[in-house]
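K.L.:
Questions regarding the structure given below will be posed in turn.
The values are calculated or read from the model by the stated rules, or taken from the named source; none is laboratory data. Here the structure is a predicted model, which means the values were calculated and not measured. Here Cβ is always computed from backbone atoms with ideal geometry, including for glycine, and neighbour counts include all displayed protein chains.
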Amino acid sequence: NGDGLDDVLIGAPRADPAGDASGRTYLIFGREETSPILLNDVVINSGAPNNPGFVINGSFIRDYSGVSVDAAGDVNGDGLDDMIIGAYGADPNGSQSGRAFVLYGKQDTDAVSLATLTLGDDGFVINGETLADYAGYAVSGGGDHNGDGYADLLVCSHGSDAPGVDAGRCYVVYGGDYSNVVDAEGTSSPELINGTADANIFVGGAGDDLIHSNGGADIIYAGTGRDTITVLDDSFYRIDGGGRRDTLELLGGFTLDLTAMPDRRLTGIEVIDIGEEGSTLILDMRSLRALTDETTVVRIEGDASCTLQADLSGGTWIEEGLVDEYMQYTNGYLTLRVWPDVDAQVTL
């Protein structure tokens with residue numbers, strides 16, 4: 001739902017919302033309180049603003065929707081993470097050919113019927129090829145396999161007869177601009193993408209791109225290249241640098257406080273260039289860890305006009321001095337490297 005907290009998917013393939021074992025999936029929004037949640041209340045309070053989540057109801061008898069569920073990442077590029085739900089008992093191309101449903105992320109708590117997804121209202125459907133394929137018996141968010149910046153999907157049919165009887169088959173389904181919301185897409189070649197002051201959505205592709213945000217609640221997925229993303233302020237909605245080494249560059253002289261941001265708002269970044277205009281970067285252990293999943297090393301660049309405020313207290317951090325020209329701090333897992341010209345105010 002875009003609040004920065006991870007959510008929880010729970011599959012109940014033998015639930016009966018549309019007949020025996022039609023199946024049901026519950027999405028529970030992330031939260032900080034610890035009181036118990038009754039799944040029946042999520043059903044009863046459908047659409048209520050204080051409902052802790054919403055339900056996705058199966059369509060037909062013995063579809064077993066929810067037998068396999070997973071977070072899918074942002075398949076359609078709208079800035080909200082999506083989900084994939086398997087229903088191996090569905091019959092689109094013969095008895096138990098199976099189906100997988102991709103449901104786009106949303107912020108309301110209205111119940112969803114999987115029957116509407118065939119119309120493309122809330123997502124889309126992936127149909128099994130032939131009878132007894134059991135497509136959707138296992139599903140997964142597959143990461144970005146082709147490096148285009150969109151999250152991809154994995155759907156498995158354990159009854160498929162290619163190349164032999166019940167040999168099984170898995171399908172990788174690429175994400176894309178299925179909702180027609182993306183303002184600019186990159187390619188496998190280097191691209192220059194310029195934003196406006198309004199909210200833009202950019203998906204960079206596999207090239208080594210230079211992407212200028214230029215303000216606004218932008219959503220930027222840079223893809224697998226060695227990309228540079230520039231920002232004028234902290235108004236961006238979501239930035240994901242993607243694979244390989246990516247750089248976030250601060251322009252215009254402002255304060256970027258990562259400690260005040262949810263983890264998923266800025267990720268896939270290995271280098272932050274604070275710039276040459278007096279900007280300040282504020283981070284702590286949590287926000288440093290959330291920056292990158294490609295490496296355990298984060299580098300901070302900048303000149304003497306820039307300030308880094310890093311509170312790494314409460315851990316086992318040590319200052320190792322100059323290493324490869326950078327001031328280096330490590331805790332045995334994460335490493336922070338700071339260019340020595342930067343005014344580094346680091347608390348260990």
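K.L.:
Going by the conditions given, is A15 of a type in the set (A, V, I, L, M, F, W, C), modelled with pLDDT of 90 or more and assigned to a strand (DSSP E or B)?
P.N.:
For A15, the condition - of a type in the set (A, V, I, L, M, F, W, C), modelled with pLDDT of 90 or more and assigned to a strand (DSSP E or B) - is not met.
K.L.:
Of all residues in the range 318-335, how many are modelled with pLDDT under 95 and hydrophobic (A, V, I, L, M, F, W, C)?
P.N.:
Looking only at that region, the number is 1.
K.L.:
Right, here's the next one. Here's a check for you: in the range 332-348, which residue that is part of a loop (DSSP other than H, G, I, E, B) and in contact (Cβ under 8 Å) with a residue 40 or more places away in the chain is nearest to S279 (Cα to Cα)?
P.N.:
Looking at the filtered set, the residue picked out is V342.
K.L.:
Okay, moving on. Scanning the range 29-42 for residues that are within 26 Å of the chain's Cα centre (by Cα) and not in a loop (DSSP other than H, G, I, E, B), which turns out surrounded by the most Cβ atoms within 10 Å (Cβ to Cβ)?
P.N.:
That would be V42.
K.L.:
Based on this model, can you work out whether D263 counts as closer than 28 Å to E191 by Cα and of a type outside the set (G, A, S)?
P.N.:
Considered against the rule, which asks whether it is closer than 28 Å to E191 by Cα and of a type outside the set (G, A, S), D263 comes out as yes.
K.L.:
Of everything in the range 147-171 that's under 26 Å from G205 (Cα atoms) and not hydrophobic (A, V, I, L, M, F, W, C), which residue is surrounded by the fewest Cβ atoms within 10 Å (Cβ to Cβ)?
P.N.:
Once the filter is applied, the top-ranked residue is Y171.
K.L.:
Give the residue, chosen from E249, E277, E191, that is more than 26 Å from G175 (Cα to Cα) and at pLDDT below 95.
P.N.:
E277
K.L.:
Would it be correct to say that D74 is within 24 Å of I239 (Cα to Cα) and in contact with a Ser or Thr (Cβ under 6 Å, 6 or more places away or on another chain)?
P.N.:
So D74 does not fit the description; no.
Yes/no matrix, rows are residues, columns are (1) in a loop (DSSP other than H, G, I, E, B); (2) hydrophobic (A, V, I, L, M, F, W, C); (3) in contact with a helix residue (DSSP H, G or I) (Cβ under 9 Å, 6 or more places away or on another chain); (4) outside the structural domain of I229 (by TED's automatic domain parsing):
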position	(1), (2), (3), (4)
D133	yes, no, no, yes
G136	no, no, no, yes
H145	yes, no, no, yes
Y150	yes, no, no, yes
C156	no, yes, no, yes
A162	yes, yes, no, yes
V165	yes, yes, no, yes
Y178	yes, no, no, yes
P190	yes, no, no, no
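K.L.:
Here's something else I'd like to know. Can you go through A15, A48 and tell me which one is closer than 21 Å to V139 by Cβ, small (G, A, S) and out of contact with any Cys (no Cβ under 7 Å at 6 or more places or on another chain)?
P.N.:
A15
K.L.:
Any idea which of (1) assigned to a loop (DSSP other than H, G, I, E, B); (2) of a type outside the set (V, I, T); (3) touching a Phe, Trp or Tyr at 6+ places or on another chain (Cβ under 9 Å); (4) within 20 Å of V125 (Cα to Cα) is the one D3 doesn't satisfy?
P.N.:
Looking at each condition in turn, D3 falls short on (4).
K.L.:
Touching a strand residue (DSSP E or B) at 6+ places or on another chain (Cβ under 7 Å), crowded, with 23+ Cβ neighbours inside 10 Å and over 17 Å from I300 (Cβ atoms) - does that describe any residue in the range 172-187?
P.N.:
Yes, the range 172-187 contains at least one residue that is touching a strand residue (DSSP E or B) at 6+ places or on another chain (Cβ under 7 Å), crowded, with 23+ Cβ neighbours inside 10 Å and over 17 Å from I300 (Cβ atoms).
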